[in-house]
Amino acid sequence: MQQQIQQKLKKYADKLAKRNIELITIKDLQINLHVEENGKNAIENAYIKAKAYYDKTGITTIGMDNNLFIEELPEEKQPGTHVRRINGKETKKYTWSKSNFYLVDTPSEKRNPGYPLDSISIMPECNKYFVDLTQEDRNKDKQNYNEDDVIDFIVNNVS
């Protein structure tokens, strides 16, 4: 879990530093805080975490989380924030495609800590697993969010 958090932080810390915003964590503050992520979706879990951290520190806080939604799968069977499970079971074989990526049943041997779907998602424009994409490959996907947009949002709304 800590490795997942570090991977997600690393993505943004350098870019924020260039904008004179220091990214620190609860661990950096030497606070041991366990937050029950019991939201219905990634947005609720991100809010739950951010509010708990803010309540503890009084420092402006940003929460992030991911979830998986599969079209035509009933709500009670959606993996949601449990992206490694579907209908309460670990996923073994499942293939699905939608616009700019495919989920496949044969995972890459590589793992991207904090992003479990990157090992089973393939970008059709490059025919590569997300875990293997270069920044140049990612730029080919015009629908993919731009990390700089996230940085701009933080700078414009936090500072």
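What follows is calculated from the coordinates using simple rules that are stated; it is not laboratory data. These numbers come from a predicted model, not from an experiment. Note that each Cβ is placed from the backbone with ideal geometry, even for glycine, and that neighbours are counted across all protein chains shown.
Laid out as a table, the results:
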quantity	calculated
Residue count for the stretch 40-80, restricted to those that are basic (Lys, Arg) and not in a helix (DSSP H, G or I)	1
Sole exception among (1) touching a residue at least 24 places away in the same chain (Cβ under 8 Å); (2) surrounded by 15 or more Cβ atoms within 10 Å (Cβ to Cβ); (3) under 19 Å from residue 153 (Cβ atoms); (4) not small (Gly, Ala, Ser) for residue 49, by number	(1)
Members of the stretch 52-77 found to be loosely packed, with under 14 Cβ neighbours inside 10 Å and either closer than 17 Å to residue 24 by Cα or touching a strand residue (DSSP E or B) at 6+ places or on another chain (Cβ under 6 Å) (or both), listed by number	55, 58, 59, 60
